[in-house]
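Undergrad: First the structure, then my questions, so here it is.
The values are calculated or read from the model by the stated rules, or taken from the named source; none is laboratory data. Keep in mind that this is a model prediction, so the values were computed, not measured. Cβ sites come from the backbone with ideal geometry, for glycine too, and all protein chains shown count toward neighbours. Only protein heavy atoms, including side chains, enter the accessible area calculation; ligands, DNA and RNA are left aside. Shrake-Rupley method; radii C 1.70, N 1.55, O 1.52, S 1.80 Å.
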Amino acid sequence: MGQAGAAADKLSKGGNAEGRHADPKALSDARSDAVPYAVYLYIWGLAWIASAALTFLQQFLQPGAAQIVITAIAVTLTGRVLYYRRRKNRPVPSTPGVIVIAAVPVVMGVLFALARFGWIDPLDGYIGKGLLLAIVYAGLSRSLGRPVVYLSLWQFAVALTIGWSYLGYAPVLIDAFGGAGMVALGVMIHIWKRGWVNQ
């Protein structure tokens with residue numbers, strides 16, 4: 001699959017945390033291989049932020065199913081990016097990477113369904129989503145290094161703090177902070193690509 005063919009394998013299995021990388025080139029290669037994924041981080045990060053904003057405004061605007069529309073738009077954009085890249089022979093995520101990308105709307109849909117049928121409290125579903133994102137960051141940090149470790153710890157702290165003290169605000173805060181974290185990771189990937197920082 002070209003330069004990004006082994007990206008997902010490297011992202012999920014590669015290396016150690018940055019401080020323990022025996023080979024700085026391996027860290028640099030893993031970060032280069034992550035570049036095709038940045039656009040999906042932007043799409044879903046902005047979708048989460050938009051969902052948080054609409055949830056906050058719901059008390060005033062009552063947008064109803066707007067969050068579902070936002071998710072549908074994000075899924076459509078994700079599909080169009082994948083299609084465009086394949087058509088233009090540009091770097092695309094490998095099959096495991098596509099599975100991870102597809103898992104995002106699936107997990108969100110499962111959480112929505114469980115909350116809709118009353119099998120879990122909707123607020124607990126948001127906390128679960130925040131913790132899941134923190135776990136994903138922790139896994140990515142094995143290849144992408146220490147900055148993603150910090151992002152994972154931040155996301156864990158946010159989810160646990162909201163779950164402990166601010167559960168009623170979870171629909172706004174989890175999506176806002178989670179979306180901002182995804183956008184931040186996308187920005188970091190592009191900073192690494194341009195070589196603005198080496199560590």
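Undergrad: Length gain on complete extension for the stretch Ile191 to Leu160, per 0.36 nm per residue less the alpha carbon to alpha carbon distance?
TA: Here the segment from Ile191 to Leu160 would lengthen by 8.2 nm.
Undergrad: Follow-up question, since we're still on this one. Taking the highest mean first, how do the peptides 45-54, 185-194 order by number of other beta carbon atoms within 10 angstrom per residue?
TA: 45-54, 185-194
Undergrad: For segment 138-199, with all protein chains present and a 1.4 Å probe, just round the carbon and sulfur fraction of the accessible area to a whole percent.
TA: That fraction is 67 percent.
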